[in-house]
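Engineer: I have a structure I would like to understand better, so I am pasting it below and will then ask my questions one at a time.
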Ligand code: NDP
């Protein structure tokens, strides 16, 4: 548990870190926090205008010049991830960190009534795309002397709950992938692979899942950054295949 971790200002100096879903919510806060701690951040997402806003905010705050990589995880194919890898090889030659954060909620519906197309869509965006992207980028992470591969989970990715359907399954799959990759990389490379559950956080997705909730009662994305920073920096070198929580569990 690293909720109180205090990151030194230069924690991520000279590190090249990619964040998916960097246009909004937790990913946006993570991209800005990583840049504020010295990283060159690659902003990945589908809404270019929002990514450009994050880009500007990072530059205005004095961070290293970021890069933008637009992609739609619903429709991207293996070929697109290959092109992403080629571009990264050309521009940077390595990757020191990758935060898989982009995600969608789908609908809160009993399994028997869940729309199969929507089930597939949620699996595509939340799990399959992260798997394909990891396959394409792993060799770039292995080029780093100290790389981090971080996947975003959820409380329902660790314990199933009624009506959470595809979202919950996509997070269980993610946790499984983390265990497999961590075991594979343990003695093979410097890549350390872990999962993070942000916990109830004030974002658009949370509002969609709990429309009756007062957002003011929730932690903001900025407030949960200590664990995100810890897991991208050198201090987490010894952590591999572990499940982290970015805040104390909420009882709801
Ligand atoms: P938001 O809805 O605020 O942000 C989601 C991000 O994912 C946005 O940047 C969004 O882009 C991007 N995204 C969604 N679909 C696609 C797509 N097809 N292609 C590319 N990018 C896409 O969500 P949160 O910040 O709340 O969630 C971030 C992560 O944290 C998710 O994995 C979520 O499951 C997890 N989580 C969140 C919790 C919470 O309480 N907020 C609790 C537990 C887990 P765009 O801006 O274009 O929409």
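Engineer: For the list (1) part of a helix (DSSP H, G or I); (2) under 17 Å from the mean Cα position of the chain (by Cα); (3) buried (at least 20 other Cβ atoms within 10 Å of the Cβ), I need the number of the one condition that residue 166 fails.
Structural biologist: Tallying (1) part of a helix (DSSP H, G or I); (2) under 17 Å from the mean Cα position of the chain (by Cα); (3) buried (at least 20 other Cβ atoms within 10 Å of the Cβ), residue 166 fails exactly one: (2).
Engineer: Turning to a different aspect of this structure: Determine the pairs where a residue that is over 17 Å from residue 25 (Cβ atoms) and within 16 Å of the ligand (Cβ to nearest atom), located within segment 140-155, has a partner that is assigned to a loop (DSSP other than H, G, I, E, B) and at pLDDT 95 or above with Cβ atoms under 8 Å apart, the partner being 6 or more residues away or on another chain.
Structural biologist: Sorted first by the residue in segment 140-155, then by its partner, the pairs are 149/191.
Engineer: A further question on this structure: Which of (1) within 15 Å of the ligand (Cβ to nearest atom); (2) part of a loop (DSSP other than H, G, I, E, B); (3) surrounded by fewer than 23 Cβ atoms within 10 Å (Cβ to Cβ) is the odd one out, the single condition residue 102 does not satisfy?
Structural biologist: Result: residue 102 passes all but (3).
Engineer: If I filter segment 59-79 for residues that are under 16 Å from residue 17 (Cβ atoms), buried (at least 23 other Cβ atoms within 10 Å of the Cβ) and more than 15 Å from the ligand (Cβ to nearest atom), do I get at least one hit?
Structural biologist: Checked against the condition, which is being under 16 Å from residue 17 (Cβ atoms), buried (at least 23 other Cβ atoms within 10 Å of the Cβ) and more than 15 Å from the ligand (Cβ to nearest atom), segment 59-79 yields no hits at all.
Engineer: Right, next: Among (1) in contact with a helix residue (DSSP H, G or I) (Cβ under 6 Å, 6 or more places away or on another chain); (2) within 16 Å of the ligand (Cβ to nearest atom), there is one condition residue 114 misses while meeting the rest; what is its number?
Structural biologist: Only one criterion in (1) in contact with a helix residue (DSSP H, G or I) (Cβ under 6 Å, 6 or more places away or on another chain); (2) within 16 Å of the ligand (Cβ to nearest atom) is unmet by residue 114, namely (2).
Engineer: Out of (1) surrounded by 19 or more Cβ atoms within 10 Å (Cβ to Cβ); (2) within 13 Å of the ligand (Cβ to nearest atom); (3) in contact (Cβ under 8 Å) with a residue 60 or more places away in the chain; (4) in a helix (DSSP H, G or I), what's the single condition that is false for residue 229?
Structural biologist: Status for residue 229: all satisfied but (2).
Engineer: Same structure again: Could you tell me which of the residues 145, 46, 94 is over 20 Å from residue 195 (Cα atoms) and either within 15 Å of the chain's Cα centre (by Cα) or at pLDDT below 95 (or both)?
Structural biologist: Numbers: 145 fails: either within 15 Å of the chain's Cα centre (by Cα) or at pLDDT below 95 (or both); 94 fails: either within 15 Å of the chain's Cα centre (by Cα) or at pLDDT below 95 (or both).
Unique residue meeting the criteria: 46.
Engineer: Further question on the same structure: Out of the residues in segment 171-219 meeting the condition of being part of a helix (DSSP H, G or I) and near the ligand (Cβ under 8 Å from one of its atoms), tell me which one is nearest to residue 248 (Cα to Cα).
Structural biologist: Taking segment 171-219 first, the residues part of a helix (DSSP H, G or I) are 171-185, 204-209, 215-217.
Next cut, near the ligand (Cβ under 8 Å from one of its atoms) only: 171, 204-206, 208-209.
Details: 171: 19, 204: 21, 205: 19, 206: 17, 208: 22, 209: 19 Å.
Restricting to residues being part of a helix (DSSP H, G or I) and near the ligand (Cβ under 8 Å from one of its atoms), the top hit is 206.
Engineer: Conditions: (1) closer than 26 Å to residue 148 by Cβ; (2) within 16 Å of the ligand (Cβ to nearest atom). Residue 37 meets all but one. Number of the miss?
Structural biologist: Failed condition: (2).
Engineer: Here is a follow-up. Can you report the number of residues in segment 110-152 which are over 21 Å from residue 244 (Cβ atoms) and not in a helix (DSSP H, G or I)?
Structural biologist: 5
The values are calculated or read from the model by the stated rules, or taken from the named source; none is laboratory data. Note that the structure is a prediction, hence the values are computed from the model and not measured. In this analysis, Cβ positions are derived from the backbone assuming ideal geometry, glycine residues included, and neighbour counts consider all displayed protein chains.
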